[in-house]
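To start, the structure itself, in structure tokens.
The values are calculated or read from the model by the stated rules, or taken from the named source; none is laboratory data. Quick caveat, the model's predicted, so the values are computed rather than measured. Positions of Cβ are generated from backbone atoms using ideal geometry, with glycine treated the same way; all protein chains shown enter the neighbour counts. When the accessible area is computed, the model is the full protein with side chains, heavy atoms only, and any ligands, DNA or RNA have been set aside. Shrake-Rupley method; radii C 1.70, N 1.55, O 1.52, S 1.80 Å.
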Protein chains: 4
Amino acid sequence: MTVTKKPSKPQESNERAELRRSQILDAAYKVFSEKGYRDTTVADVAQVLGMGHGTFYRYFTNKHDIFEQVMNSALLRVAKVIASEDPKATNTLAEYRGQVERIGSGMLDLLDSDPAIPRLLFYEAMGISPELDEKIQRVWELSGEVTETYLINGKSKGFLRADLDTSVAALAINALIFEGGRRVVRSADKATAKRRWLKTLVEMIFGGIGS
Amino acid sequence: MTVTKKPSKPQESNERAELRRSQILDAAYKVFSEKGYRDTTVADVAQVLGMGHGTFYRYFTNKHDIFEQVMNSALLRVAKVIASEDPKATNTLAEYRGQVERIGSGMLDLLDSDPAIPRLLFYEAMGISPELDEKIQRVWELSGEVTETYLINGKSKGFLRADLDTSVAALAINALIFEGGRRVVRSADKATAKRRWLKTLVEMIFGGIGS
Amino acid sequence: MTVTKKPSKPQESNERAELRRSQILDAAYKVFSEKGYRDTTVADVAQVLGMGHGTFYRYFTNKHDIFEQVMNSALLRVAKVIASEDPKATNTLAEYRGQVERIGSGMLDLLDSDPAIPRLLFYEAMGISPELDEKIQRVWELSGEVTETYLINGKSKGFLRADLDTSVAALAINALIFEGGRRVVRSADKATAKRRWLKTLVEMIFGGIGS
Amino acid sequence: MTVTKKPSKPQESNERAELRRSQILDAAYKVFSEKGYRDTTVADVAQVLGMGHGTFYRYFTNKHDIFEQVMNSALLRVAKVIASEDPKATNTLAEYRGQVERIGSGMLDLLDSDPAIPRLLFYEAMGISPELDEKIQRVWELSGEVTETYLINGKSKGFLRADLDTSVAALAINALIFEGGRRVVRSADKATAKRRWLKTLVEMIFGGIGS
DNA sequence: TATGAATGAGGCTTCATTCAT
DNA sequence: AATGAATGAAGCCTCATTCAT
């Protein structure tokens, strides 16, 4: 029996599959962000792509599997911004202030382009599964440690207060940046909101609110 | 032994009912905090009290009803701390610093005694129902406005920077306090964590991190 | 130990109990009529009397028990009307016509004072339990047989058609009377409706609609 | 053997779905008729078809939805019989008598093939939902009006009594026909029962029972 | 490889009945 | 005798997952 079936090119097939997989991931990211894990149905995600919902299971093991991958991609984006500067490159307060401005700006831009990240990373992910909880937790800790590297560098070079509680201050700074992100996301005039938050944030970190 | 008069039937009944109701509310608060709204089943709450799940419905209309009441009680506690000081009573930076210390301390204590509040109020409540969303939103706005009152008072009396962006700064301060609460809650040595966060928080707000 | 408890008078107690029982029966009759068997809850019936719903079970075995008794009382009232005349007392068509008018009038009055009877007896009762189904069925058959007695009497005395299918005609006559009842019940002006139905009904039975 | 071209996928799918839908509708019709709305569970209907109860919800929104459709189909069948003759086509009593015989015969056949219709339409449907109540009510009124059209025609042409109360008589005639249907349905020998009822019914309407 | 029909576990809610007070 | 708090069986509905086509 002669088979006239077009021979599959594995290369091409893999590319196609990878593309599809990526499309599903994007759609899931979107839907999870809007409705949360529990309220998102596999059919919801499939419908965004006009795809049969059975097809979903050809690319992902189950709902939890794709959520974990969605979380991974969100975490990666945050990590990239935080790691975008060299913690040891600064020698003066002004230089560090510049760094904070750039990191803050980058983070605000990220959260603006991905308004779902706060919800997704801060709370949505928690309680889905112990593994996921722990992973998120680890990223936040890491994130704090990276910021702390900047502060330790500043302390050692003398342009930050010698009695600065670097680990706590690092978390506080991160919190300010994330809160800024959350607020900018929800604001009507995002450009203005971003400018105001960045200014206030930097002023507070570097000079406090006193006159 | 002092004999207290046996209370009359209906009185006693009401007290019993109120007690039961309160027990269910507490149990629900606990379970909602740990598992979130969607993951919490009415049976879960009932099981905590070792009671049949049908009993639940003698005290609350439905799952949404009790969640709303749980939220109300959480919101009330937060509001009490925020409103515990007089925004116009301060005339110097030092006095205001004292106020922030007391409010921060009160909030940290509250979040310590009620570790669930951040999760409950920040994200868990959202998306359950439009009414609830709006209520939470209103409380956050109000909360920001109260803090802003302190800042406006400081500006008008000259002990805060004239160019301070009061509305943004108010939200930033609130965010710092809440982040402190979240972190203190999770720390092993809460007393130390509280002291460190309070110090860092006040230093940052009033002096920045520079040397 | 001297017991000062008032000695119960069994007589009086029984009377009280019987009164209560009768009150519950009336309330149940009302509620069953309005909402049907499935939609009526024991608590509904108790509430009508401002009585604790647990008390219900002191007077009736269960919900089915009281429904059966409600049905019995309804059936009894119908039977009384049907049996209110003497089937053999008539010797002329005119006399029988008078009987039908009186029975019809009595039934219309009954259904007017008890608008629930049609619903209760015709359909509500069916499907609750096989025993009940059968009982209702038996009553309808009996009811037809009683009416048939009148017709047989008429046939034997020659004032009704010799070829009259008495058993079918009896059921048809009963159906007309009941339909009249149902319609009178729902009409706005019951007196007029009763008069019109009675007239039409008798005319049809005794003369047809032709000119 | 004639080979029929294999239908295209979506076509076939639609047919299959429509078939399934229709099967469920039939099963529901049957179960609703036997047990009534409240006593019928979705699982009951599913079990008749040996299918999982979840499958039901792929074809109908909910239990009320399918009941409404069941009612619609029943109402449609009744309406067809009633509208099967031309009310104005008759000029003599004999002709009208022929019409009544045909309509009565058609209705008896319908109720024989669909023994559930009386229960379904007269009582079962009422009290489920206000919309349904109103729909049923409207059909009965309409049904009476159609029958009345025949009577008015007869009066105007002089072959029916001038003092005939057409609206009441119309309802009475309908009631007779329906009662006949109910009885024929339950009889052992349906052919005979049908003949006897039809004869008695027509005799009564057109001549009364007198000799 | 893609599809979507089918499934049933699981969650919410009601209510008849029991029983301690 | 009266009460009503407590219970859990049972019904409606959703949706993650499977599988035949």
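Worth pointing out:
- Filter result for A:Phe159 (closer than 19 Å to B:Val184 by Cα, modelled with pLDDT under 95 and crowded, with 19+ Cβ neighbours inside 10 Å): no
- Residues in segment C:20-64 that are open to solvent by 50 Å² or more (accessible area, probe 1.4 Å) and within 13 Å of chain D (Cβ to nearest Cβ) were compared, and the one that is nearest to DNA strand E (Cβ to nearest atom) is C:Thr41.
- Among (1) surrounded by fewer than 17 Cβ atoms within 10 Å (Cβ to Cβ); (2) under 16 Å from the mean Cα position of the chain (by Cα), the one test that D:Phe178 misses: (1)
- Checking segment A:81-102 against the condition returns no match, with no residue being within 14 Å of another protein chain (Cβ to nearest Cβ), within 16 Å of DNA strand F (Cβ to nearest atom) and basic (Lys, Arg).
- Verdict on C:Glu101 being surrounded by fewer than 17 Cβ atoms within 10 Å (Cβ to Cβ) and out of contact with any helix residue (DSSP H, G or I) (no Cβ under 7 Å at 6 or more places or on another chain): no
- Residue check, A:Glu101 part of a helix (DSSP H, G or I) and at pLDDT 90 or above: yes
- Picking from residues in segment D:106-126 that are open to solvent by 40 Å² or more (accessible area, probe 1.4 Å) and not in a helix (DSSP H, G or I), the one that is modelled with the highest pLDDT is D:Pro115.
- Residues (touching a helix residue (DSSP H, G or I) at 6+ places or on another chain (Cβ under 6 Å) and assigned to a helix (DSSP H, G or I)) located in segment A:152-171: A:Ile152, A:Gly154, A:Thr166, A:Ser167, A:Val168, A:Ala169, A:Ala170, A:Leu171
- Qualifying residue in segment A:28-37 (condition: near DNA strand F (Cβ under 9 Å from one of its atoms), out of contact with any Ser or Thr (no Cβ under 9 Å at 6 or more places or on another chain) and outside the structural domain of A:Ala175 (by TED's automatic domain parsing)): yes
- Among the conditions (1) of a type in the set (A, V, I, L, M, F, W, C); (2) open to solvent by 20 Å² or more (accessible area, probe 1.4 Å); (3) without any contact (Cβ under 8 Å) to a residue 40 or more places away in the chain; (4) over 30 Å from C:Gly208 (Cα atoms), the only one that D:Ala89 does not satisfy is (4).
- Within the set B:Val48, B:Val78, the sole residue that is of a type in the set (Val, Ile, Thr) and more than 25 Å from B:Asn153 (Cα to Cα) turns out to be B:Val48.
- Checking each residue in segment B:161-201 for being under 20 Å from B:Glu34 (Cα atoms), more than 10 Å from chain A (Cβ to nearest Cβ) and of a type in the set (D, E, K, R) picks out only B:Lys190.
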